[in-house]
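Trainee: Submitted below is the structure of interest, expressed as structure tokens.
The values are calculated or read from the model by the stated rules, or taken from the named source; none is laboratory data. Remember, predicted model here, so these are calculated numbers, not experimental data. When we count neighbours, we look across all protein chains shown, and the Cβ atoms used for this are built from the backbone with ideal geometry, even at glycine. Surface accessibility is based on the protein's heavy atoms, side chains included, excluding ligands, DNA and RNA. Shrake-Rupley method; radii C 1.70, N 1.55, O 1.52, S 1.80 Å.
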Amino acid sequence: SGKGVSASLMMSHLHALINSLLSFDLPIIQLIHRANRLFCESTLSMNYATMVVGKAYPEGSLDICVAGHNPPLIFKDGNVIPISATGIPIGMFSDTDYGVENFFLEKGDALLLYTDGLTEASNNGAEYGEKRIMSQLANLGKLNSRELIKSLLSEYKNYTKGSEAADDLTLAVLKRL
């Protein structure tokens, strides 16, 4: 929550918490529960963070938890499938329940992760929006990961031309080859 140095420090703290928990090789659901509890206990009550935590397996299975973050998008068989939140942002309540969704990625399927710097970018007050991303992904799904990100960023830059960025932007694509 927030921007600037305080938000950066909070995210560094969360990153360290999760990295320390990874060494226990916990299932995603336990990792999220522990990270949430530790984050609640070690930050101010008004601090929270949205995030997506997932684990991809070699055979194509994907476990994913969406803690209040923008919905990741799966491109599968020409369709774009948003993954809804399976819980609220971490850090809000220490006893929050989270869920984990399981998906199977076939060869050519892709998963797009992005921050709200993409969806909330605006042009004369009109937000870029999730529907625009979904439409773009449906048209570009056959590209490799690098080309897909390049095309998404190009469209983003064209849309926001002349507007100052109000937020940071992060994109990640996981594509099964």
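Trainee: If the viscosity is 1.002 mPa s and the temperature 20 °C, what translational diffusion coefficient in µm²/s does Stokes-Einstein give for region 67-123 when Rh comes from Kirkwood over Cα pairs?
Mentor: 163 µm²/s
Trainee: Rounded, prolate or oblate: which one fits region 16-87, using the alpha carbon gyration tensor with axes a ≥ b ≥ c (rounded when a/c is under 1.5, else prolate when a/b beats b/c, else oblate)?
Mentor: It comes out oblate by the Cα gyration axes.
Trainee: Amide H of THR115: which non-local residues (sequence gap of 5 or more, or other chain) have their own amide H closer than 5 Å, using H built in the peptide plane?
Mentor: Long-range HN contacts for THR115: THR170.
Trainee: Treat each spin label as a single point 7 Å out from the Cα along the C-beta direction, and report the SER23 to MET11 distance in nm.
Mentor: The modelled label-to-label distance comes out at 2.5 nm.
Trainee: Run the reach check for LYS157 against aspartates and glutamates, Cα to Cα strictly under 16 Å, same-chain hits fewer than 8 apart removed. What comes back?
Mentor: The qualifying aspartates and glutamates are ASP116, GLU120, GLU127, GLU130, GLU147, ASP167, ASP168.
Trainee: Report the net charge of residues surrounding ASP109, where surrounding means a beta-carbon distance below 12 angstrom and charges are Lys +1, Arg +1, Asp -1, Glu -1.
Mentor: Overall, the nearby charge balance is +3.
Trainee: Under 14 Å from the Cα of LYS76, which aspartates and glutamates turn up, not counting those fewer than eight places away in the same chain?
Mentor: Once the sequence-local aspartates and glutamates are set aside, what remains near LYS76 is GLU106, ASP109.
Trainee: For the chain, with a Gaussian network of springs between Cα atoms less than 10 Å apart, report the residue from SER151, SER84, SER20 with the top mean-square fluctuation.
Mentor: It is SER20.
Trainee: At q = 0.10, 0.13, 0.15, 0.17 Å⁻¹, what base-10 log of I(q)/I(0) does the Debye formula yield for the chain when every alpha carbon is treated as an equal point scatterer in vacuo?
Mentor: At q = 0.10, 0.13, 0.15, 0.17 Å⁻¹ the computed log10 ratios are -0.42, -0.72, -0.94, -1.15.
Trainee: With a 1.4 Å probe and all protein chains left in place, how much accessible area per residue does the chain have, in Å²?
Mentor: Averaged over the residues of the chain, the accessible area is 56 Å².
Trainee: Holding the Cα-Cα limit at 22 Å, pick out from LYS3/LYS150; LYS55/LYS150; LYS107/LYS142 the pairs that are longer than that.
Mentor: Going by Cα-Cα distance, LYS3/LYS150; LYS55/LYS150 fall outside the 22 Å limit.
Trainee: Return the whole-Å distance between the Cα centroid of region 47-79 and the Cα centroid of region 113-166.
Mentor: Their Cα centres are 18 Å away from one another.
Trainee: Just to be sure I understand: with springs between alpha-carbon atoms less than 10 Å apart, which residue in PRO89, PRO72, PRO27 has the highest mean-square fluctuation in the Gaussian network model of the chain?
Mentor: So, out of PRO89, PRO72, PRO27, the one fluctuating most is PRO27.
Trainee: Okay, helix-only estimate at 222 nm for the chain: each DSSP H run of n ≥ 4 adds -39500 (n - 2.57), divide by all residues, round to 500 deg cm²/dmol; what do you get?
Mentor: Theoretical 222 nm ellipticity from helices: -11500 deg cm²/dmol.
Trainee: For the chain, with all protein chains present and a 1.4 Å probe, just round the carbon and sulfur fraction of the accessible area to a whole percent.
Mentor: 54 percent
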